[in-house]
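This report refers to the structure that appears directly beneath it.
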Amino acid sequence: MIDDDDAHRPLPVVLKPVADELLSSWLARHAAYYGVSGPFFAKWLMLGTRNLSLLDHRLGLAQVARLSEKLRCDPIALIAMTLIDTPAGSAELICRDRAPQICRSCADRHAREGASGAVPKHWQKAWRVTCPACGAPLSDTNERPDTGETLRDTSPFSHVWKEAVTGEAVIERFLRGDGSFDYSPIALMRALLVHTWRPCGANGREPAAGWALGTIFPEFDNLARPIKRRINHAVVAALPIAFRPALLAGVSRVIANPEILNTVQDDTILRGRRAFERLCETARLEAEVARESH
Ligand SMILES: [Zn+2]
């Protein structure tokens, strides 16, 4: 337990962070270690907020100073635990709040190493389907852990898994400054999630909702329709992760063969057409900027 007498001293025990651990995760593990709630711990640390997750996205100098003193750690290392240095353009691909994905093998290892519940940064990244630490496919946090199933088993797009992994690598390369692409893969993620309409079928029904990506993977439209509100090009990070392999595989195909964009464009109509064209142009310009700056 910690009390007010400790407020001016560093914590007696400082836990070792796991590789790539999020600041909020590390702090939450300290709170658990000292038997207090996260908000209580934040208040005790006098951070000016009770929400530890906020610190992953915004960390002021006073908070850095306070944390580095209390946790006896290097300020630079502290900042590296946040998502603040996320490259421009990818901030919107960071999932807020609870991590949607988990690497079960790393989670087991963390537990064995006394760091149960630790959350690495990549569990929040909306372009990851494999774990950069151990290479295993990630799992949906909502799946029961005892089944041992990963996204590669549970996603309806597991048949394009290999291409999804290629798409993931493309995005990582782009974020690390690889300027060899004709289109920004990040802007392409948005473009492929643009909403459109499919003409009504022979049975005379109303036009059905579709997405640009449905031109590449026709099953996407049918699977996405029941949850259409969650599939929005403006919020890529909100895409349910079962659909993520399809999006990454689509990006990988377009990067390998940009001609596909013409076919997708032909199938994307009405307002979707304009949004799609605008986002393709953005993707082209962003790739140009990346090329010139390296
Ligand atoms: Zn792992």
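The values are calculated or read from the model by the stated rules, or taken from the named source; none is laboratory data. Quantities reported herein were computed from a predicted structural model and do not represent experimental measurements. All Cβ positions, even for glycine, are placed from backbone atoms using ideal geometry, and neighbour counts span all protein chains on display.
Numbers for the structure displayed
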| quantity | calculated |
| --- | --- |
| Residue in segment 217-232 that is crowded, with 23+ Cβ neighbours inside 10 Å and either under 29 Å from HIS294 (Cβ atoms) or polar (S, T, N, Q) (or both) present | no |
| Qualifying residue in segment 16-24 (condition: more than 23 Å from the chain's Cα centre (by Cα) and outside any helix (DSSP H, G or I)) | yes |
| Leading residue by the ranking (surrounded by the fewest Cβ atoms within 10 Å (Cβ to Cβ)) among those in segment 172-204 that are without any contact (Cβ under 8 Å) to a residue 60 or more places away in the chain and closer than 16 Å to LEU247 by Cβ | GLU172 |
| Tally, over segment 65-75, of residues that are assigned to a helix (DSSP H, G or I) and either in contact with a Lys or Arg (Cβ under 6 Å, 6 or more places away or on another chain) or crowded, with 18+ Cβ neighbours inside 10 Å (or both) | 2 |
| Enumerated helices (runs of 4 or more DSSP H) restricted to segment 95-187, each holding at least 2 residues that are within 16 Å of the ligand (Cβ to nearest atom), in contact with a Cys (Cβ under 9 Å, 6 or more places away or on another chain) and outside the structural domain of ALA28 (by TED's automatic domain parsing) | 104-112 |
| Contacts under 9 angstrom Cβ, first residue in segment 224-239 being farther than 9 Å from LEU193 by Cβ, partner part of a loop (DSSP other than H, G, I, E, B) and among the charged types (D, E, K, R), 6 or more apart | ALA237/ARG96 |
| Pick from segment 80-99, criterion modelled with pLDDT under 95 and in contact with a strand residue (DSSP E or B) (Cβ under 7 Å, 6 or more places away or on another chain), ranking: nearest to ILE186 (Cα to Cα) | LEU93 |
| Residue satisfying condition, being in a loop (DSSP other than H, G, I, E, B) and surrounded by 15 or more Cβ atoms within 10 Å (Cβ to Cβ), within set LEU83, LEU78 | LEU83 |
| Subset tally (residues that are over 23 Å from the mean Cα position of the chain (by Cα) and farther than 17 Å from ASP85 by Cβ) for segment 39-64 | 13 |
| Matching residues in segment 15-33 - criterion: being within 16 Å of LEU59 (Cα to Cα) and touching an Asp or Glu at 6+ places or on another chain (Cβ under 8 Å) | LEU22, LEU23, SER24 |
| Residue within segment 50-61 that is assigned to a helix (DSSP H, G or I), loosely packed, with under 13 Cβ neighbours inside 10 Å and without any contact (Cβ under 8 Å) to a residue 60 or more places away in the chain present | yes |
| Residue among ALA99, ALA209, ALA191, ALA133 that alone is over 15 Å from the mean Cα position of the chain (by Cα) and over 23 Å from ARG253 (Cβ atoms) | ALA133 |
| For ALA169: the one exception among (1) modelled with pLDDT of 95 or more; (2) surrounded by 18 or more Cβ atoms within 10 Å (Cβ to Cβ); (3) not charged (D, E, K, R) | (2) |
| Positions within segment 208-248 being part of a helix (DSSP H, G or I), of a type outside the set (A, V, I, L, M, F, W, C) and more than 15 Å from ILE186 (Cα to Cα), in sequence order | GLY214, THR215, GLU219, ASP221, ASN222, ARG225, PRO226, LYS228, ARG229, ARG230 |
